[in-house]
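Below: one structure, written as structure tokens.
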2 protein chains.
Amino acid sequence: MPEHGGNLDLAMQRFGGKLRDWIDLSTGINRNPYPVGELPETVWGALPSKSALNALHQAAQQAYGTTAPILATNGAQAAIQLLPHLCARGNARILGPTYNEYTAVFSAAGWDVAEVSDLEALAGADIAILANPNNPDGKRYEPKQLLELLPKVGQLVVDESFVDATPELSLASNAGREGLLILRSFGKFFGLAGLRLGFAIGSDADVSALAAMAGPWPVSGPAIAIGERALRDREWAKATSARLVRDAQRLDAQVLRLGWTLVGGTALFRLYETGDAHAAQEKLARARIWSRVFPYHRGRLRLGLPGNEAEWARLSAALTG
Amino acid sequence: MPEHGGNLDLAMQRFGGKLRDWIDLSTGINRNPYPVGELPETVWGALPSKSALNALHQAAQQAYGTTAPILATNGAQAAIQLLPHLCARGNARILGPTYNEYTAVFSAAGWDVAEVSDLEALAGADIAILANPNNPDGKRYEPKQLLELLPKVGQLVVDESFVDATPELSLASNAGREGLLILRSFGKFFGLAGLRLGFAIGSDADVSALAAMAGPWPVSGPAIAIGERALRDREWAKATSARLVRDAQRLDAQVLRLGWTLVGGTALFRLYETGDAHAAQEKLARARIWSRVFPYHRGRLRLGLPGNEAEWARLSAALTG
């Protein structure tokens, strides 16, 4: 299986320390999570009801600015796992480098998979996949560009896992058109990746097919209760977007002083050209700060954002030390 | 999609009341759940780590008495959803009537599905499916009978969702043999169905194939943390088994006085012949107690067990009122 950020097991194996010693900046998960709060007992004990799931779906539609059919999934990853079974096997083109599960999942399901490096090269694919903004380089595509691509492919999957702080990039308001499927992540922006919650938004036919494959209880009771509450809290989202944008600039300013350059990023992570990413990762790891390197580019290091002043201070000391 | 127990939306639509007014006896979920307790913040915030998932797998192997490969899934249902993709499409035979998702899931995936009424008729199937003990009638099969069937089918799936209180029926200690796949439910016996946790136990090839389809984060952080703790607590399991067996007898004694007869059951639910199940369901529903009827048998009513003395008193009054 592909390697991922957030794998502190590996950090501890290589550099020691205990889980609580580490600051995990190897992912794009917000380190200031939405408060979980108190949960009623039925959330744990009872099977999630259809009405509770519908309420979550409505909250997500409102938050994402869409009236199109939507399905909650066990993380955006669970929707990705189902994609190869959504239409007849054919050729999948993936705009890369990007989140590495797409190639893995389609290859495992026997699809003919090609990674392409520009948007135009997706045309002609049975299924075309891209992330907007992209992970790890933050590359952005205007909705207009993507809507122009739509009729040129069998199915267009747009992974919007990192779009929350830049909603103007989202195609959610265009969802419902035939052949367009949008994936959203809940856990990254809301800082609750352990909850496993994501959404697929698309045409009635696609969302119905995904729902049939996901089964009657696609997400947990806690995911439904916390997800609905968090998605309805637009004040928290607004304040969090603003804070993340400020913090991303703060990180850039600190890091650029070292001579690293910014490749790109989103409000949840930044990708830097460091010259030698493994050396940079090791330097940070000695201070128990975990970061992400990529097999296909030896200079590039991805960093998430510290969650509080103590973490900023540790990062600053580690970078300059 | 098939109808299920636990659907209080339907109960409220038909009979009124609010969620908190109802006692849900329409499922086989233990109403005295394992205590959730305090959860560390990382359980919500971080991606579930491989080491945490491994620890859960080990706890489940110990609890279920097996050393065979095991995979945690988003409820036993998530494993069921994957079954049609585990081997080449062919003929599925299901020993029924049983949990209705098997027929639905295999039919939707384009399999040739037949429901058969005795164990011998499963022979010759590409995939043979049965529940032990069976839901809803509690029918039991000895491990020896099932091991004799194993070489006569391509793949044998044994759904042990209700076996916890009768571990002598479980095939878990035989898991690992080629062609044998066992499904376990965590949420029913531990009373935490909202958590979405189940397990598939089988050969290395089958469990690896299911793991690839389920993806890198098959279950949530809370499911891992609570699941591991609960599965290691064998004292709780022992006391709970004993309590459930006593309570099942107590329910039988109350109900048989009405002239109903026991069809069968497990320690988590009982199936009664009432003469007119819809009338019986309505009588209980007027007292805000929800029960389960089945489309294929007009006389049969399934009841779960009350969780405390107040619930027993309400049930007793509703039955005799």
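For the residues A:GLU235, A:GLU168, the requirement of being assigned to a helix (DSSP H, G or I), open to solvent by 10 Å² or more (accessible area, probe 1.4 Å) and under 16 Å from A:THR266 (Cα atoms) singles out A:GLU168. If you check A:SER220 against the conditions, is it surrounded by fewer than 23 Cβ atoms within 10 Å (Cβ to Cβ) and hydroxyl-bearing (Ser, Thr, Tyr)? Spelling it out, it is not the case that A:SER220 is surrounded by fewer than 23 Cβ atoms within 10 Å (Cβ to Cβ) and hydroxyl-bearing (Ser, Thr, Tyr).
In the set A:GLY28, A:GLY5, A:GLY37, only one residue is on the phi > 0 side of the Ramachandran plot and not in a helix (DSSP H, G or I); that residue is A:GLY37. Inside the stretch B:101-116, can you point out the residues that are outside any helix (DSSP H, G or I) and either more than 12 Å from chain A (Cβ to nearest Cβ) or modelled with pLDDT of 95 or more (or both)? Those that are outside any helix (DSSP H, G or I) and either more than 12 Å from chain A (Cβ to nearest Cβ) or modelled with pLDDT of 95 or more (or both): B:TRP111, B:ASP112, B:VAL113, B:ALA114, B:GLU115, B:VAL116.
Out of curiosity, is A:THR98 away from chain B (no Cβ under 11 Å), within 20 Å of A:SER208 (Cβ to Cβ) and of a type in the set (Val, Ile, Thr)? No: the conditions fail for A:THR98. Hey, could you check the stretch B:204-223 for residues that are aliphatic (A, V, I, L, M) and in contact with a strand residue (DSSP E or B) (Cβ under 8 Å, 6 or more places away or on another chain) and say which is farthest from the other protein chains (Cβ to nearest Cβ)? Among them, the one singled out is B:VAL207. Among the residues of the stretch A:183-205, those that are hydrophobic (A, V, I, L, M, F, W, C) and under 20 Å from A:ARG232 (Cα atoms) comprise A:LEU183, A:PHE186, A:PHE189, A:PHE190, A:LEU192, A:ALA193, A:LEU195, A:LEU197, A:PHE199, A:ALA200, A:ILE201. Within the stretch B:266-301, being open to solvent by 10 Å² or more (accessible area, probe 1.4 Å), in contact with a Pro (Cβ under 8 Å, 6 or more places away or on another chain) and within 23 Å of A:LEU47 (Cα to Cα) holds for B:ARG292, B:PHE294, B:ARG300. Taken over the stretch B:269-287, the residue count meeting the criterion of being under 18 Å from B:GLY304 (Cβ atoms) and part of a loop (DSSP other than H, G, I, E, B) is 2.
Taking the stretch B:34-54 as the search range and keeping residues that are more than 8 Å from chain A (Cβ to nearest Cβ) and farther than 27 Å from A:ALA214 by Cβ, which one is farthest from the chain's Cα centre (by Cα)? That would be B:PRO40.
Checked against the criteria, B:ALA92 counts as open to solvent by less than 20 Å² (accessible area, probe 1.4 Å), outside any helix (DSSP H, G or I) and not assigned by TED's automatic domain parsing to the domain that holds B:LEU271.
B:LEU156: assigned by TED's automatic domain parsing to the domain that holds B:PRO97, open to solvent by less than 60 Å² (accessible area, probe 1.4 Å), modelled with pLDDT of 95 or more and closer than 20 Å to B:SER203 by Cβ, yes or no? Yes, satisfied.
Beta carbons closer than 8 Å, at least 6 apart along the sequence or on distinct chains, pair a first residue in the stretch B:29-53 that is under 20 Å from A:PRO33 (Cα atoms) and open to solvent by 30 Å² or more (accessible area, probe 1.4 Å) with a second that is in a helix (DSSP H, G or I) and β-branched (Val, Ile, Thr) for B:LEU39/B:ILE226. Residues considered: A:LEU244, A:LEU256. Of these, the only one that is touching a residue at least 40 places away in the same chain (Cβ under 8 Å) and not small (Gly, Ala, Ser) is A:LEU244. Mind listing whichever residues of the stretch B:11-25 are open to solvent by less than 60 Å² (accessible area, probe 1.4 Å) and at negative phi? Answer for the stretch B:11-25, where residues must be open to solvent by less than 60 Å² (accessible area, probe 1.4 Å) and at negative phi: B:ALA11, B:MET12, B:PHE15, B:ASP21, B:TRP22, B:ILE23, B:ASP24, B:LEU25. When the residues of the stretch B:55-84 are filtered to those that are outside any strand (DSSP E or B), of a type in the set (S, T, N, Q) and more than 9 Å from chain A (Cβ to nearest Cβ), the one that is least open to solvent (accessible area, probe 1.4 Å) is B:THR66. Filtering the stretch A:173-203 down to residues that are buried (at least 22 other Cβ atoms within 10 Å of the Cβ), more than 14 Å from chain B (Cβ to nearest Cβ) and over 28 Å from B:LEU192 (Cβ atoms), which residue is nearest to the chain's Cα centre (by Cα)? Going through the qualifying residues, I end up with A:ILE182. Of note, B:ASP247 does not satisfy the criterion of being among the acidic types (Asp, Glu), out of contact with any Gly (no Cβ under 6 Å at 6 or more places or on another chain) and open to solvent by 30 Å² or more (accessible area, probe 1.4 Å). Of the residues in the stretch B:121-141, at least one is open to solvent by 10 Å² or more (accessible area, probe 1.4 Å), in contact (Cβ under 8 Å) with a residue 60 or more places away in the chain and touching a strand residue (DSSP E or B) at 6+ places or on another chain (Cβ under 7 Å). Of the conditions (1) over 28 Å from B:PRO222 (Cα atoms); (2) within 12 Å of another protein chain (Cβ to nearest Cβ); (3) more than 24 Å from the chain's Cα centre (by Cα), B:ARG89 clears all except one; give me its number. Against the list (1) over 28 Å from B:PRO222 (Cα atoms); (2) within 12 Å of another protein chain (Cβ to nearest Cβ); (3) more than 24 Å from the chain's Cα centre (by Cα), B:ARG89 comes up short only on (2). Among the residues making up the stretch A:176-192, those that are assigned to a loop (DSSP other than H, G, I, E, B) and without any contact (Cβ under 8 Å) to a residue 40 or more places away in the chain are A:ARG177, A:GLU178, A:GLY179.
Quick grid of which residues meet (1) among the aromatic types (Phe, Trp, Tyr); (2) on the phi > 0 side of the Ramachandran plot; (3) touching a strand residue (DSSP E or B) at 6+ places or on another chain (Cβ under 9 Å):
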{"residue": "A:LEU231", "(1), (2), (3)": "no, no, no"}
{"residue": "A:GLU235", "(1), (2), (3)": "no, no, no"}
{"residue": "A:GLN254", "(1), (2), (3)": "no, no, no"}
{"residue": "A:LEU268", "(1), (2), (3)": "no, no, yes"}
{"residue": "A:GLU273", "(1), (2), (3)": "no, no, yes"}
{"residue": "A:ALA277", "(1), (2), (3)": "no, no, yes"}
{"residue": "A:GLN281", "(1), (2), (3)": "no, no, yes"}
{"residue": "A:TRP290", "(1), (2), (3)": "yes, no, yes"}
{"residue": "A:LEU305", "(1), (2), (3)": "no, no, yes"}
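The values are calculated or read from the model by the stated rules, or taken from the named source; none is laboratory data. Worth saying up front: this structure is predicted, and the values here are computed from it rather than measured. Glycine also receives a Cβ, built like all others from the backbone with ideal geometry; neighbour counts cover every protein chain displayed. When the accessible area is computed, the model is the full protein with side chains, heavy atoms only, and any ligands, DNA or RNA have been set aside. Shrake-Rupley method; radii C 1.70, N 1.55, O 1.52, S 1.80 Å.
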